[in-house]
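Colleague: If you scroll down you'll find the structure; I have some questions about it.
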Amino acid sequence: MRLENFLALTQTTLINEPCVHSFENIVFDAIKVKRGDLFFAYDTKEIQLAVENGAYGIIFEKPAKISDNEIAWIKADSLDDALHRLIRFKTIEKEMVAYECNEIVLKLSLQVITMTYFRTIIGDLKSIFKIISEAQQKTTLLFSPALTSRDMFAVVKKMPIASFEPIEIMEQTLFETSFIYDNVFYERQLISPFFIPYLEELLHFYKTLKIEYKLKKFTPIEHFEPVFTNKRFEIKNFGTSDKVLIFEPNVELIEEQISFLQRHASWANTIFVVPHDVESKESKNIFRYKNEKEIINILRNTLFNFALIVGVDKTLLSRPLSNQTQLTIDF
């Protein structure tokens, strides 16, 4: 990219008069810089290494000392903003269309093998820039506004919502499902029936846009994630105990998941552990907490088969908790 184009696009400021006029690649790790690259100095301590490796330009946000006046030194008010603008430019340049979906559909898409003309967008700005840069022309993108800014993409569309072919569930537990879709039988997949409507939406999207796909073995997606434990809260293998902690970090899913558990596990003693400031239509078996210590106390002092713990993820079990003994973990 030519230097003048980069400056205009990113609305950054050139603070010297360099000999260089263009850059080959944009690099974030100084050790990977090659001659002709532009280095994004998120870590100013790496600037000198980038210069030694042949960088033609350094873009920085925090104060930096010019060590080579022949290369371009570019001041940005925000490196993230400059990178955001570059990503948007590249989606325009490559004629990409981005479809928006909810967070669950997006994370399920990461577990589906697709052709290279389709990419799921997730991660920090540097990760997204890499995805976009490596993608081919007219690649279809899928993103979630809950995780990625919508204005990063020039062309944004809604996912198709017309009636679609349902997934036929053949056998299910709370956390596993055997099902048929498009005349293919998927046996004992590690996906809860709770996620099946989201999976239907995703597969319909693929079929509508004629995106070739292949389902692989599902793994936990950090939502409605079960952790099997014994009475001492030692973690056990999947399906080997009748006491289960179910972690859901997204408080917006609380009503849907409470309803699901009430329908599909009516036989069980289920409790719902939610942040103190989150409202819920359910009043029975609701326990509210203000901090992680209170969560642990609730779990220790309450009888249950299932505990839906909302607002945190399973790393709760491995973090040290002040002024108390941790839950015992047996990995």
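Colleague: Take the solvent-accessible surface of the protein heavy atoms, probe 1.4 Å, and return the percent of it on the chain that carbon and sulfur atoms account for.
Modeller: Values: 8530 of 17390 Å².
For the chain, the apolar C and S fraction of the accessible surface comes to 49 percent.
Colleague: Something else: Within segment 290-319, which trypsin sites (Lys or Arg not before Pro) sit in a loop by DSSP and count at most 15 neighbouring Cβ atoms inside 10 Å?
Modeller: In loop regions of segment 290-319 (DSSP not H, G, I, E or B), the sparsely surrounded trypsin sites (Lys or Arg not before Pro) are Lys290.
Colleague: Report ³J(HN,Hα) in whole Hz for each residue of segment 181-191, in order, from the Karplus equation J = 6.51 cos²θ - 1.76 cosθ + 1.60 where θ = phi - 60°; Gly and Pro get x.
Modeller: 9, 6, 6, 10, 9, 10, 9, 6, 7, 7, 9
Colleague: Taking amide H positions as placed 1.01 Å from N in the peptide plane, with prolines and chain starts having none, which residues 5 or more places from Phe218, or on another chain, fall under 5 Å of its amide H?
Modeller: When sequence neighbours closer than 5 places are left aside, the close amide H contacts are Leu190.
Colleague: Moving on. Return, ordered by residue number, the residues of segment 66-103 whose backbone nitrogen is under 19 Å from a label point located 7 Å along Cα→Cβ of Lys138.
Modeller: It comes to 90-99, nothing else.
Colleague: List every residue whose amide H lies under 5 Å from the amide H of Phe287, counting only residues 5 or more places away in sequence or on a different chain, with H placed 1.01 Å from N in the peptide plane.
Modeller: Phe272, Val273, Val274
Colleague: Here is a further query. Suppose R0 equals 30 Å; then what is the FRET efficiency for Ala268 and Lys216 from their Cβ-Cβ distance, rounded to the nearest 0.05?
Modeller: 0.45
Colleague: Report, for segment 200-331, the % of DSSP beta bridges that are antiparallel, rounded to 5.
Modeller: 30 percent
Colleague: Let me ask you something else. May I ask you to list the residues of segment 140-156 whose amide nitrogen lies under 17 Å from a point 7 Å from Cα along the Cα→beta-carbon direction of Leu9?
Modeller: Answer for this model: 152-155.
Colleague: Work out how much length Asn69 to Lys90 would gain on full extension: take 0.36 nm times their residue separation and subtract the Cα-Cα distance, in nm to one decimal.
Modeller: 4.7 nm
Colleague: At 0.36 nm per residue, and after removing the present C-alpha to C-alpha distance, how many nm does the segment from Arg300 to Ile180 gain when stretched out fully?
Modeller: On the way: separation 120, 0.36 × 120 = 43.20 nm, distance 4.02 nm.
This chain segment gains 39.2 nm when fully extended.
Colleague: Tell me which residues come under 5 Å, amide H to amide H, from Asn25 once H is placed; ignore anything under 5 positions away on its chain.
Modeller: Result for Asn25 returns Asp37, Leu38.
Colleague: Could you work out which residue, out of Met115, Met152, Met96, moves most in a Gaussian network model of the chain, that is, has the largest mean-square fluctuation with Cα springs under 10 Å?
Modeller: Of Met115, Met152, Met96, the Gaussian network model singles out Met115 as fluctuating most.
Colleague: Set Lys and Arg Cβ to +1 and Asp and Glu Cβ to -1, take the dipole of the chain about its Cα centre, and tell me which of Phe153, Ala50, Val97 lies farthest positive.
Modeller: Of the candidates, Ala50 comes out farthest on the positive side.
Colleague: For the chain, give me the percentage of DSSP beta bridges that are antiparallel, rounded to the nearest 5 percent.
Modeller: Percentage antiparallel, nearest 5: 40.
Colleague: In whole percent, what relative contact order does segment 168-232 give with Cα contacts below 8 Å and a gap of six or more residues?
Modeller: 23 percent
Colleague: Treat every Asp and Glu Cβ in the chain as -1 and every Lys and Arg Cβ as +1, leave all other atoms uncharged, and give the resulting dipole magnitude about the Cα centre to the nearest 20 debye.
Modeller: The calculation lands at about 360 debye.
Colleague: Work out the FRET efficiency for Leu190 and Asp313 from their Cβ-Cβ distance, taking R0 = 22 Å, and round it to the nearest 0.05. Intermediate values should be presented prior to the final figure.
Modeller: Values: r = 17 Å, r/R0 = 0.79.
Here the calculated transfer efficiency is 0.80.
Colleague: Looking at the P(r) of the chain, how many percent of alpha-carbon pairs lie beyond 27 Å?
Modeller: Here the tail beyond 27 Å accounts for 58 percent of pairs.
Colleague: Same structure, new question: Given springs between every Cα pair under 10 Å in a Gaussian network model of the chain, which of Thr91, Thr114, Thr219 has the largest fluctuation?
Modeller: Result for the chain, Cα springs under 10 Å: Thr219 fluctuates most.
Colleague: Where a Cα-Cα gap under 13 Å defines reach, which aspartates and glutamates qualify for Lys157, not counting those fewer than 8 residues away within the same chain?
Modeller: Qualifying aspartates and glutamates at Cα under 13 Å: Glu100.
Colleague: Any idea what the relative contact order of segment 44-128 is, in percent, if you count C-alpha pairs under 8 Å spaced at least 6 apart?
Modeller: Once divided by the residue count of segment 44-128, the mean separation gives 21 percent.
Colleague: Mind giving me the FRET efficiency for Lys281 and Asp242? R0 is 25 Å, r the Cβ-Cβ distance, nearest 0.05 is fine.
Modeller: Between Lys281 and Asp242 the formula returns 0.35.
Colleague: Output the relative contact order of the chain, whole-number percent, from Cα pairs under 8 angstrom with separation of 6+ residues.
Modeller: With pairs under 8 Å counted, the relative contact order is 11 percent.
Colleague: Counting heavy atoms of the protein chains only and a 1.4 Å probe, report the per residue accessible area for the chain as a whole number of Å².
Modeller: 53 Å²
Colleague: With the dipole of segment 224-310 worked out from charges on the C-beta (+1 for Lys and Arg, -1 for Asp and Glu) around the Cα centre, which of Asn291, Thr270, Val310 lies farthest toward the positive end?
Modeller: Thr270
The values are calculated or read from the model by the stated rules, or taken from the named source; none is laboratory data. Bear in mind that the values here come from a model prediction, so they are computed numbers and not experimental data. Neighbour counts are summed over all protein chains in view; Cβ atoms, including those assigned to glycine, are modelled from backbone coordinates with ideal geometry. The area values use the complete protein model at the heavy-atom level, side chains included, leaving out ligands, DNA and RNA. Shrake-Rupley method; radii C 1.70, N 1.55, O 1.52, S 1.80 Å.
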